[in-house]
1. So, in the range 6-21, of the ones that are surrounded by 14 or more Cβ atoms within 10 Å (Cβ to Cβ) and without any contact (Cβ under 8 Å) to a residue 60 or more places away in the chain, which residue ends up farthest from the chain's Cα centre (by Cα)?
2. Could you tell me which residue of the range 56-89 is modelled with the lowest pLDDT, considering only residues that are under 15 Å from the mean Cα position of the chain (by Cα) and loosely packed, with under 15 Cβ neighbours inside 10 Å?
3. Do we find that residue 30 is farther than 18 Å from residue 89 by Cβ and buried (at least 19 other Cβ atoms within 10 Å of the Cβ) in this structure?
């Protein structure tokens, strides 16, 4: 594995994303993406797909290449539990279309107001 793909894989792990789910979010076939992330691909991702991967992982290309700290990967980047949750939310929101974003906003507002949302597991807030 290259340093780049190692960093990307660590970020995926930090966000709780598997190779299959990440491939779907990026818009590439599983087989292509799994070879890329394992470092065994014969060619790199197309630049547009690489930018999409950065969006899915909520990182900048500079962070991906190690030119800036990446939360969950680099020791000098913030990585407390709240940061992890915030990063996971930000990464998930980055791939939603407008209608899904509205739904997510409604759901978050309901949770913030303490409403019970049907079909969503309740979590204790500390």
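1. 6
2. 83
3. Judged against the criteria, residue 30 is not a match.
The values are calculated or read from the model by the stated rules, or taken from the named source; none is laboratory data. For clarity, every value in this text was computed on a predicted model and none was experimentally measured. With ideal geometry, Cβ positions are generated from the backbone for all residues, glycine too; neighbour counts draw on all protein chains shown.
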